[in-house]
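Okay, so here's the structure we're looking at.
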Amino acid sequence: MDFEPGELLKNINSPADLKELKESDLEQLSKELRQYIVDVVSVYGGHFGASLGVVELTVALHYVLNTPYDQLVWDVGHQAYGHKILTGRRESFHTNRTYGGLSGFPKRAESEYDTFGVGHSSTSISAALGMAVASGYKGEHDRQHVAVIGDGAMTAGLAFEALNHAGIANSNVLVILNDNCMSIDPNVGALKEYLTSISTSKSYNRFRDDIGYVLGKISELGPDALGLVKKIEKSIKGTVLKNSNFFEALKFRYFGPVDGHDVKRLVKTLEDLKDIPGPKLLHVITVKGKGYALAEKDQTKWHAPGLFDKITGEIKRSAATPTPPKYQDVFGNTLVELAELNDRIIGITPAMPSGSSMNIMMKAMPERAFDVGIAEQHAVTFSAGLATQGLLPFCNIYSSFMQRAYDQVIHDVALQNLNVVFCLDRAGIAGADGPTHHGAYDLAYMRCIPNMTVAAPMNEEELRNLMFTAQLDNMGPFVIRYPRGQGVMIDWKKPMKAIEIGTGRKICDGEDVAIITIGHIGNEASKARLILNEEGIHPAHYDLRFVKPLDEKMLHEVFKKFKQVVTIEDGAIEGGMGSAVLEFMADHNYSSHVVRLGIPDKIVEHGEQAELWAECGYDAASIVSEVKRLTVSKKTNTLAV
Ligand SMILES: Cc1ncc(C[n+]2csc(CCOP(=O)(O)OP(=O)(O)O)c2C)c(N)n1
């Protein structure tokens, strides 16, 4: 589908074209940019509200900065659609997040304007500081370094660590705090309340106007202007904030809050900030979803709404026929069911109430479910603290975000053998969000930790049974990983029952080849089996269910009976379930031929889950060919190529 950009936007193929515009054109350009994002995202999907909220800021930044020489770093990057469109990617923007198309996040390999690869939050200040220190080292003192970070992303420890360092590094870094009071869900925590108190304080706003008077007029006021800025800053510190400005305390010079939708004002402010040396923070107030009424009203829903009718705002749903639930919803509902029976259960999510469906428990039992902000490390150690007191935390973290909290998992939970249940959502190939979000490594990085139990359900019923099992007494640290998206059972709400730890399931007996799977991807193997059966090939299928501890009895059965074994996992091949099976084989002196299917040792880009499973060679069709290859090889005693 062709999208018609507005009169100004259609001529912007790089920031150089943008700079040709008059300042008075920038409002119109912002309108056109906003419309273009609405047009494309409504048809092709993607993140929505965040980019709409920073349209004016994006235009102003590229108007004022000399990108890409000046370094602009977007935090998370889900708000960088306007940036992509203004930096030469307008015509390809409709391929955003599709297989082979543009990445949904800034990516260094994609454009010289994308200074730092992102997807996970709160990295921007550290990265921009590194760039600023490097510029200083190279003598490039004219270079600007700007991190744009949301109030949600600012809640993470990493952002605080960077502020702490930047304050003394005295480098030329400008942090733009894009404050819209939202994370994906409403932002939480004391910092959020602090920011709100700054932006609503009457006396502060009077001074803000004074600052506003000077910022944007430095060129007019001449050499005395910088002195004047200092004086006003001092009076703010002295009289209004009583030295209590958080950022000032960290040795940042704090400016703002300014209206992030006033593009002219932003341009002037940014121009002036270029001339103020050292670490600075500009507090910008924006509205998430700005300009699209429904998105402004229900900001969580419109964070990433899927496809929608841009005129009516109706979000397109797939056919009305009943479909299996999402794993996350099975998790959310089952957790409440269990928590009603077991009063030790507490729910924890780091900033993903809707994404993980922890919001179901937050609504049903607000006193027993916590959103702790974008703070995975804290979420894990907070859970550990709860567990020391006999409570039973269900800590739900996306598999790829759990990478942040690895030390906490080992040091705070596993070493003390604490009873924390980690529910890892989005495990395996995550799809359109791409490599930053694929939950590729958890099987490998969890199974090497002593005291850990690591399991993955093949369907909804299994997820419920694993959750039920994990809350039985003294289970120690317990990982349950499951993928993004739907399961396979429409009638999923079966009574729960305990599963013996470290036991798998034989799904069907067979001959010649044994397939061993873990988790939901086992359903691809089931599909493959049906196809193979029609061709007279009958592989056995085992669902290993636990990668730690292994079902040794089952594996002895497999290796005693089968000379050809295929392992299949939606996770990294290196160190994952297949590796565990090979270790078992070596330890017990078996010598079967084992083929391991899973995520190969390379970065897998974005696309639909099914496309990427196929690319990695473990969708049903690939499994069929692999098993056929092995069957032929058995008959001819050579491996077919
Ligand atoms: C480490 C990590 N945890 C969680 C997320 C999921 N996530 C993506 S955007 C977002 C909210 C960010 O809020 P904010 O920085 O305020 O930006 P806004 O969307 O409001 O513009 C979250 C929690 C992530 N990307 N990275």
- Given the conditions (1) buried (at least 21 other Cβ atoms within 10 Å of the Cβ); (2) in contact with a strand residue (DSSP E or B) (Cβ under 6 Å, 6 or more places away or on another chain), which single one is not true for R368? (1)
- Some residue of the range 293-300 being part of a loop (DSSP other than H, G, I, E, B), more than 16 Å from the ligand (Cβ to nearest atom), surrounded by fewer than 19 Cβ atoms within 10 Å (Cβ to Cβ) and not polar (S, T, N, Q): no
- Item | Output for the range 406-444, where each listed residue is within 16 Å of the ligand (Cβ to nearest atom), under 20 Å from I568 (Cα atoms) and assigned to a helix (DSSP H, G or I) | D442
- Message: Here is a check on your reading of the model: is A147 small (G, A, S), more than 28 Å from I429 (Cβ to Cβ) and within 12 Å of the ligand (Cβ to nearest atom)?
- Response: yes
- Return the only residue of K288, K251, K310 being in a loop (DSSP other than H, G, I, E, B), in contact with a strand residue (DSSP E or B) (Cβ under 6 Å, 6 or more places away or on another chain) and charged (D, E, K, R). K288
- Query: Can you name every residue in the range 470-488 that is β-branched (V, I, T) and under 13 Å from R545 (Cα atoms)?
  - Reply: V479, I480
- Checking D75, D70, D39, D17 in turn, the sole residue that is over 28 Å from S121 (Cβ atoms) and charged (D, E, K, R) turns out to be D17
- Query: Out of all the residues in the range 500-525, which are closer than 16 Å to N459 by Cβ and either assigned to a strand (DSSP E or B) or at pLDDT below 95 (or both)?
  - Reply: R505, K506, I507, C508, T517
- What tally of residues in the range 590-609 results from selecting those that are surrounded by fewer than 16 Cβ atoms within 10 Å (Cβ to Cβ) and within 23 Å of N96 (Cβ to Cβ)? 3
- Task: Find the residue count for the range 151-178, including only residues that are over 22 Å from the mean Cα position of the chain (by Cα), among the β-branched types (V, I, T) and within 25 Å of E56 (Cα to Cα).
- Result: 1
- Note on the structure: Those residues of the range 160-185 which are in a loop (DSSP other than H, G, I, E, B) and either surrounded by fewer than 21 Cβ atoms within 10 Å (Cβ to Cβ) or more than 14 Å from the ligand (Cβ to nearest atom) (or both) amount to N170, S171, N172, C181, D185
- Task: Scan the range 144-165 and report the pairs whose first residue is farther than 15 Å from G119 by Cα and whose second residue is within 8 Å of the ligand (Cβ to nearest atom) and of a type in the set (A, V, I, L, M), with Cβ atoms within less than 9 Å and a gap of 6+ or a chain change.
- Result: D151/M182; T155/A351; T155/I374; F160/M154; L163/M154
- Among all residue pairs at least 6 apart or on different chains, which show Cβ distances below 9 Å where the first residue, located in the range 442-454, is on the phi > 0 side of the Ramachandran plot and the second is surrounded by 24 or more Cβ atoms within 10 Å (Cβ to Cβ)? N451/V413; N451/P477
- Task: Mind listing whichever residues of the range 138-159 are in a helix (DSSP H, G or I) and surrounded by 15 or more Cβ atoms within 10 Å (Cβ to Cβ)?
- Result: A153, M154, T155, G157, L158, A159
- Item | Filter pass, V188 being buried (at least 22 other Cβ atoms within 10 Å of the Cβ) and either part of a strand (DSSP E or B) or within 14 Å of the ligand (Cβ to nearest atom) (or both) | no
- Item | Complete set of residues in the range 393-416 that are of a type outside the set (G, A, S), over 15 Å from T349 (Cα atoms) and in contact with a Pro (Cβ under 7 Å, 6 or more places away or on another chain) | V413
- Item | Flag if A455 is farther than 30 Å from D343 by Cα and within 29 Å of the chain's Cα centre (by Cα) | no
- Quickly run through the range 117-128 and pick out the residues that are buried (at least 24 other Cβ atoms within 10 Å of the Cβ) and part of a helix (DSSP H, G or I). S124, I125, A128
- Task: Can you tell me which residue within the range 22-59, out of those that are within 16 Å of the ligand (Cβ to nearest atom) and among the polar types (S, T, N, Q), is farthest from C181 (Cα to Cα)?
- Result: T58
- Counting just the residues of the range 108-119 that are farther than 23 Å from P279 by Cβ and under 16 Å from the mean Cα position of the chain (by Cα), which one comes out farthest from the ligand (Cβ to nearest atom)? G117
- From the options I397, I346, I374, I360, residue that is touching a residue at least 12 places away in the same chain (Cβ under 8 Å) and assigned to a helix (DSSP H, G or I): I360
- Pick from the range 477-492, criterion in a loop (DSSP other than H, G, I, E, B) and in contact with a Leu (Cβ under 9 Å, 6 or more places away or on another chain), ranking: nearest to H438 (Cα to Cα): Y482
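Conditions (1) in contact with a Ser or Thr (Cβ under 8 Å, 6 or more places away or on another chain); (2) surrounded by fewer than 24 Cβ atoms within 10 Å (Cβ to Cβ); (3) of a type in the set (V, I, T); (4) in contact (Cβ under 8 Å) with a residue 24 or more places away in the chain, marked per residue:
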residue	(1), (2), (3), (4)
G522	no, no, no, yes
E535	no, yes, no, yes
A540	no, yes, no, yes
L550	no, yes, no, yes
V565	yes, no, yes, yes
G576	no, no, no, yes
E583	no, yes, no, no
- Among (1) over 19 Å from I12 (Cα atoms); (2) within 16 Å of the ligand (Cβ to nearest atom) - the single one T98 does not satisfy: (2)
- Query: Can you spot a residue in the range 60-72 that is within 16 Å of the ligand (Cβ to nearest atom) and in contact with a His (Cβ under 6 Å, 6 or more places away or on another chain)?
  - Reply: no
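The values are calculated or read from the model by the stated rules, or taken from the named source; none is laboratory data. Note that this is a predicted model, so its numbers are computed, not measured. A quick note on method: Cβ atoms are made from the backbone with ideal geometry, for glycine too, and the neighbour counts reach across all protein chains shown.
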